[in-house]
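**Student:** Can you keep this structure in mind? I'll have questions shortly.
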Amino acid sequence: MDNPVITLSLAQLALAFIPVAVTLAILFRWSYGIGNAAYALGRMVIQLMAIGYVLAWIFSANNGVLILLVLAIMLSASAWIALGTAREHRRELLLASFLSILLGGGLTLAMITQGVLQVDPWYLPRYMIPLAGMVFSNAMTAVSLAAERLYSELAHGMGWEEARIKAYQAAMIPVINSLLAVGLVSLPGMMTGQILSGVSPLVASRYQIMVMCMIFASAGISTALFLSLCRRRMQVGVD
């Protein structure tokens, strides 16, 4: 498959907002308010346009130190955001969140980029940054779900061991559901993007299998580490 990628002009991109405008009109008619939706849409456009320019600059720089800095920012942000479900304990659990995502996500990322893909140089931006985004975002979501469920169960008087099991199971539900749905209910973003860019569907499917393994592992390992670290840091009674 060697068909060229279709380049979107701004005029073509504007056409995509026609159904968006219809949806906003329905939202306004039915709820008499489109402020949040309009704000979210505007922010989405600005953020994606901005990150496009930033990534173009990073890719052209092709600098290992710069990539490490980007990864550090992504990791720190994910560790902080993950604890949004446990805001009152965010500061005391921040280190646990950071270390769990660093070890669970970072080691998985290293295994994929250096063991599976054998990226050379190791910091090749077009591989490292997108894959790191997938790893850290999924680990972040899993840790966030685990933190919320853990505190909820403990608040209802459940013992530590049982609460930990419930929290881990809750954290893994979205990941397991995505494994069940991929290829049947949904065609994942990475696979879709590769096919649109002209890559063979067979090659794209292999990449997607790799990505799903990466997501499952990073979420599972990061969550297990987080819950283990929580026991040492949380001021709770344990069985």
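**Student:** Based on this model, can you work out whether residue 66 counts as in contact with a Gly (Cβ under 9 Å, 6 or more places away or on another chain) and either assigned to a helix (DSSP H, G or I) or without any contact (Cβ under 8 Å) to a residue 12 or more places away in the chain (or both)?
**Tutor:** no
**Student:** Right, something else. In this structure, does residue 180 turn out to be outside any helix (DSSP H, G or I) and out of contact with any helix residue (DSSP H, G or I) (no Cβ under 7 Å at 6 or more places or on another chain)?
**Tutor:** Answer is no for this residue.
**Student:** Is it the case that the range 182-196 has a residue that's among the β-branched types (Val, Ile, Thr), surrounded by fewer than 15 Cβ atoms within 10 Å (Cβ to Cβ) and more than 26 Å from residue 93 (Cβ to Cβ)?
**Tutor:** Yes: the range 182-196 contains one or more residues that are among the β-branched types (Val, Ile, Thr), surrounded by fewer than 15 Cβ atoms within 10 Å (Cβ to Cβ) and more than 26 Å from residue 93 (Cβ to Cβ).
**Student:** Quickly run through the range 176-189 and pick out the residues that are out of contact with any Pro (no Cβ under 8 Å at 6 or more places or on another chain) and of a type outside the set (Gly, Ala, Ser).
**Tutor:** Those that are out of contact with any Pro (no Cβ under 8 Å at 6 or more places or on another chain) and of a type outside the set (Gly, Ala, Ser): 176, 177, 179, 180, 184, 185, 187, 188.
**Student:** Return yes or no: is residue 76 assigned by TED's automatic domain parsing to the domain that holds residue 188, buried (at least 20 other Cβ atoms within 10 Å of the Cβ), modelled with pLDDT of 95 or more and out of contact with any His (no Cβ under 7 Å at 6 or more places or on another chain)?
**Tutor:** no
**Student:** Something else now. Being more than 13 Å from the chain's Cα centre (by Cα) and not aliphatic (A, V, I, L, M), is that true of even one residue in the range 142-150?
**Tutor:** Among the residues of the range 142-150, at least one is more than 13 Å from the chain's Cα centre (by Cα) and not aliphatic (A, V, I, L, M), which makes the answer yes.
**Student:** Out of all the residues in the range 27-55, which are loosely packed, with under 11 Cβ neighbours inside 10 Å and farther than 30 Å from residue 70 by Cα?
**Tutor:** 29, 30, 31, 32, 33, 35
**Student:** Something else: Here is a list of conditions, (1) part of a helix (DSSP H, G or I); (2) of a type outside the set (Phe, Trp, Tyr); (3) not assigned by TED's automatic domain parsing to the domain that holds residue 150, and residue 33 meets all of them except one; can you say which number that is?
**Tutor:** Of everything listed in (1) part of a helix (DSSP H, G or I); (2) of a type outside the set (Phe, Trp, Tyr); (3) not assigned by TED's automatic domain parsing to the domain that holds residue 150, residue 33 misses just condition (1).
**Student:** I would also like to ask the following. Any chance you could count how many residues in the range 108-122 are in contact (Cβ under 8 Å) with a residue 60 or more places away in the chain and either of a type in the set (Phe, Trp, Tyr) or buried (at least 19 other Cβ atoms within 10 Å of the Cβ) (or both)?
**Tutor:** Number of matching residues: 3.
**Student:** Sticking with this structure for a sec: Only residues that are more than 26 Å from residue 145 (Cβ to Cβ) and not aliphatic (A, V, I, L, M): list them for the range 174-202, please.
**Tutor:** 193, 194, 197, 198, 200, 201
**Student:** Yes or no: residue 172 part of a helix (DSSP H, G or I), under 23 Å from residue 72 (Cα atoms) and modelled with pLDDT of 90 or more?
**Tutor:** Judged against the criteria, residue 172 is not a match.
The values are calculated or read from the model by the stated rules, or taken from the named source; none is laboratory data. Values in this document were obtained by computation on a predicted structure and should not be read as measured data. Every residue, glycine among them, receives a Cβ derived from its backbone with ideal geometry; neighbour counts consider all protein chains shown.
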